[in-house]
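The values are calculated or read from the model by the stated rules, or taken from the named source; none is laboratory data. These numbers come from a predicted model, not from an experiment. In this analysis, Cβ positions are derived from the backbone assuming ideal geometry, glycine residues included, and neighbour counts consider all displayed protein chains.
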């Protein structure tokens with residue numbers, strides 16, 4: 001546990017300057033610019049691929065594609081055991097990756113993915129119902145998506161740990177770009193669009209990223225043998241991150257579980273509209289989570305790690321609040337325009353869920369940073385507190401006020417989970433309460449400088465005399 005005097009003595013800028021580790025210097029501005037660009041590109045490519053699949057396959061074909069890709073994509077968040085995040089921490093401590101770490105990372109991810117691929121391939125025949133048995137064969141070969149994704153994510157974890165966010169962002173976008181390119185250049189002109197062809201294009205993009213990214217560190221993979229002790233260490237640390245991840249995921253999704261049990265279909269539909277609008281702002285927080293986690297992981301001493309955590313939390317706080325206000329201002333127009341006037345009664349619930357998403361974004365940035373600083377249990381406890389509040393308040397609130405009551409309960413649970421995390425940091429880790437307040441001139445000045453630097457790259461910054 002850090003000394004309060006040491007924490008108090010550190011300024012936000014000391015968080016990066018105090019790390020003695022050798023290697024490539026971590027540029028926060030560049031990392032945020034690159035990850036924001038990658039996030040925007042991924043969202044854009046996702047929208048294009050979604051439209052193409054719907055237009056070329058139709059409702060039935062789109063449904064078959066969803067069945068083929070469902071299980072491997074679902075397992076990505078449940079079966080990887082946060083191994084790639086453990087790799088980020090390991091690479092971040094030295095800001096470089098030894099051949100031993102590169103080789104161990106590659107082979108561990110490949111073995112984990114292949115084991116799960118075989119288990120999934122055997123289980124699919126029993127999992128899919130009788131009317132979908134014709135999709136068992138394509139679903140089985142699409143299970144190759146698991147080892148490809150695990151290898152790609154783990155090798156990109158090496159890039160995050162080393163602060164190479166340019167390469168990390170490029171490969172993140174590449175798989176989606178190749179998927180869309182194959183659909184536009186091969187599937188669409190052939191006039192033979194099938195769910196299997198779309199699944200194959202998706203798999204080809206991911207396999208290409210895994211192969212090309214692994215080849216970039218091919219010398220390290222081939223020159224060193226995987227270290228069993230290091231692999232065990234990586235999996236143990238990853239599993240310590242995994243349990244808090246499940247708790248956070250449960251808190252994020254528990255409202256729909258309650259709603260399905262409590263509400264009629266019409267109320268569920270209205271709530272789904274509110275949730276769709278509210279969750280649209282989540283993508284803005286992802287760069288803060290990715291960059292903040294890597295920045296904290298690079299610090300070998302706890303005081304500097306916690307100072308870096310507070311610094312990136314302040315950035316995320318400003319972005320979350322600004323995006324929430326923007327989304328709230330557009331809510332009535334968005335519901336009326338995109339969903340129809342019959343969903344306007346969901347406006348109040350949408351406001352509550354927008355606030356909940358903002359609290360979730362701030363809490364996720366803080367919780368992920370605490371994992372990188374070797375305090376994963378604090379996030380798990382905070383998520384459990386939020387879950388207890390949601391179930392204790394959400395059920396009676398729904399019976400009294402409908403979906404507005406449930407949405408308000410979600411907002412309250414996310415807020416109190418965030419407050420619990422901050423309280424742990426202040427009273428257990430002895431961080432200053434002031435370090436969590438983003439509304440100060442220094443933080444705004446740093447953000448203004450970063451934004452100006454980003455626009456200057458494209459010649460969009462106004463000239464000054």
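Of the helices (runs of 4 or more DSSP H) that lie entirely inside segment 369-465, those containing 2 or more residues that are modelled with pLDDT of 95 or more span 376-401, 403-427. Going by what's in this entry, would residue 327 be described as farther than 29 Å from residue 27 by Cβ and touching a helix residue (DSSP H, G or I) at 6+ places or on another chain (Cβ under 9 Å)? For residue 327, the condition - farther than 29 Å from residue 27 by Cβ and touching a helix residue (DSSP H, G or I) at 6+ places or on another chain (Cβ under 9 Å) - is met. Selection of first residues in segment 376-403 that are closer than 19 Å to residue 289 by Cα and of second residues that are not in a helix (DSSP H, G or I), restricted to Cβ pairs under 9 Å at least 6 apart or on distinct chains, gives the following pairs, ordered by first then second residue: 378/428; 378/429. For segment 68-81, the count of residues that are closer than 24 Å to residue 224 by Cα and modelled with pLDDT of 90 or more is nonzero. Tallying residues that are modelled with pLDDT under 50 and surrounded by fewer than 20 Cβ atoms within 10 Å (Cβ to Cβ) within segment 7-28 yields 14. Determine, yes or no, whether residue 264 is surrounded by fewer than 24 Cβ atoms within 10 Å (Cβ to Cβ), over 21 Å from residue 411 (Cβ atoms) and assigned by TED's automatic domain parsing to the domain that holds residue 433. Answer is yes for this residue.
Scanning segment 287-314 for residues that are surrounded by fewer than 22 Cβ atoms within 10 Å (Cβ to Cβ) and at pLDDT 90 or above yields 289, 301, 302.
Selection of segment 29-45 for residues being in contact with a helix residue (DSSP H, G or I) (Cβ under 8 Å, 6 or more places away or on another chain), under 16 Å from residue 177 (Cβ atoms) and either modelled with pLDDT of 90 or more or assigned by TED's automatic domain parsing to the domain that holds residue 283 (or both) yields 34, 37, 38, 39, 41, 42, 45. Could you please find all residues in segment 91-102 being in a helix (DSSP H, G or I) and either surrounded by fewer than 22 Cβ atoms within 10 Å (Cβ to Cβ) or not assigned by TED's automatic domain parsing to the domain that holds residue 194 (or both)? Correct list: 93, 94, 99, 100.
Restricting attention to segment 340-357, does a residue exist that is at pLDDT 95 or above, assigned to a helix (DSSP H, G or I) and over 22 Å from residue 268 (Cβ atoms)? Looking through segment 340-357, none of the residues is at pLDDT 95 or above, assigned to a helix (DSSP H, G or I) and over 22 Å from residue 268 (Cβ atoms).
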